[in-house]
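Asks: Questions regarding the structure given below will be posed in turn.
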Amino acid sequence: MTPAELEERVADAERVLALHGKRLEKLEHPAETARPGQEPEQQAPAAPDISRQLEELKALLGRHDLSLQALQIYAQINSFRDTISKLPKVLPVRHHHHFEDRSRGFIIGAIACLLAAAISAGLCFGLYRENGRLKVNEAKYRALQQAYPEAVQWVDSTYHRHP
């Protein structure tokens, strides 16, 4: 901004402040700014007279019995208090993570299935190892059977008598 623009803005601000100062003085001393022929009561009415409207309002309120509505509200508040006082201090909580009587059959069945699966898996693994060992022995047995048939027959007969 140029210095001329700044001076112009400062001058505008001073004018505005001067106008505000004059307005404040008028508001502080209203009797001094009155016209010479007027009395202070005629200059500006302070407040309109609303006493008649207030009297009408009092008459309307007198016709309506507001105590009935107040009694109804009081009765509702009392019923709320009674309801709240009947609530237990600690509300009962139902746990959903425990086993109920209806689920015992399912649990027993699941355990039985797991046991059967574990036993069958163990049996399968044991039989797999035994089968592998017998395959190795079968090759040896067939080789002996071809070379010494009488010895293999004697071993079989002795084994069948006293395994």
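The values are calculated or read from the model by the stated rules, or taken from the named source; none is laboratory data. Note that this is a predicted model, so its numbers are computed, not measured. Cβ atoms come from the backbone with ideal geometry, glycine included; neighbour counts cover every protein chain shown.
Conditions (1) closer than 30 Å to Lys26 by Cβ; (2) modelled with pLDDT of 85 or more, marked per residue:
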{"position": "Ala46", "(1), (2)": "yes, no"}
{"position": "Gln53", "(1), (2)": "no, yes"}
{"position": "Ala75", "(1), (2)": "no, yes"}
{"position": "Ser85", "(1), (2)": "no, yes"}
{"position": "Leu91", "(1), (2)": "no, no"}
{"position": "Arg94", "(1), (2)": "no, no"}
{"position": "His98", "(1), (2)": "no, no"}
{"position": "Ile107", "(1), (2)": "no, yes"}
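Asks: Same structure again: State whether the residues of the stretch 134-145 include one that is over 32 Å from the mean Cα position of the chain (by Cα) and at pLDDT 90 or above. Quick ask: steps written out before the conclusion?
Replies: From the stretch 134-145, those over 32 Å from the mean Cα position of the chain (by Cα) are 134-145; that's our starting set.
In the following step, the residues that additionally are at pLDDT 90 or above were identified as none.
No; the residues of the stretch 134-145 include none that is over 32 Å from the mean Cα position of the chain (by Cα) and at pLDDT 90 or above.
Asks: Now, a different point. Name the pairs whose Cβ atoms lie under 7 Å apart, with the first residue in the stretch 89-115 and surrounded by 10 or more Cβ atoms within 10 Å (Cβ to Cβ), the second not in a helix (DSSP H, G or I), and 6 or more positions between them or separate chains?
Replies: Ile107/Phe99
Asks: Identify, please: which residue in the stretch 24-39 is loosely packed, with under 10 Cβ neighbours inside 10 Å and not hydrophobic (A, V, I, L, M, F, W, C) and is, among those, modelled with the highest pLDDT? So that I can check it myself, show each step before the final result.
Replies: Narrowing the stretch 24-39 to residues loosely packed, with under 10 Cβ neighbours inside 10 Å: 27-28, 31-32, 35-37, 39.
So of that shortlist, the ones also not hydrophobic (A, V, I, L, M, F, W, C) come out as 28, 32, 35-37, 39.
Numbers: Glu28: 81, Glu32: 56, Arg35: 57, Pro36: 56, Gly37: 57, Glu39: 56.
That would be Glu28.
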